[in-house]
Amino acid sequence: MATTLTAAGCGSLPRSSFCGSWATGDGCGVAALSRSVASVRAARPQRSWPRMGNVNEGKGLFAPVVVLVRNVVGRKRFNQLRGKAIALHSQVINEFCKTIGADNKQRQGLIRLAKKNGEKLGFLA
């Protein structure tokens, strides 16, 4: 429902006592109004793209140890060990959930929480 205003004046707009009294002399201030509308339309915020990877890369209590071990054993072997450790931890969480009778939604929430804590502590550096 956009209305276009022209610089010709108040042709289609109803007349009022304020028409032209505060404007720059071009009828109803249509030029000033169109400039302000154009500046509002042009002022879009820049969209930030989502960043892939760990936000806490290189941060956390255990990050220096993790980086050191990765450099010593090599990236491929390190990723294999990390995968085994994550799988083992997920199994422990699954067994815990079975013991206390938690449903799948709670189990998934615990696994997500463990991942977030691992990122904060630097295990995923």
From the cross-link list LYS76/LYS98; LYS76/LYS120; LYS84/LYS105, the entries with a Cα-Cα span beyond 29 Å are LYS76/LYS98
Residue separation times 0.36 nm, minus the C-alpha to C-alpha distance between ARG47 and LYS59: what's the value? 1.7 nm
Per the rule of 0.36 nm per residue minus the C-alpha distance, extending ALA114 to ILE86 adds in nm 9.1 nm
Report the label-to-label distance for ASP103 and LEU68 in nanometres (one decimal), using points 7 Å from each Cα along the Cα→Cβ vector. 4.6
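A short reminder: the numbers here are calculations on the coordinates, not readings from a lab. These numbers come from a predicted model, not from an experiment. Reconstructed Cβ throughout: ideal geometry from the backbone, glycine too, with neighbour counts over all protein chains shown.
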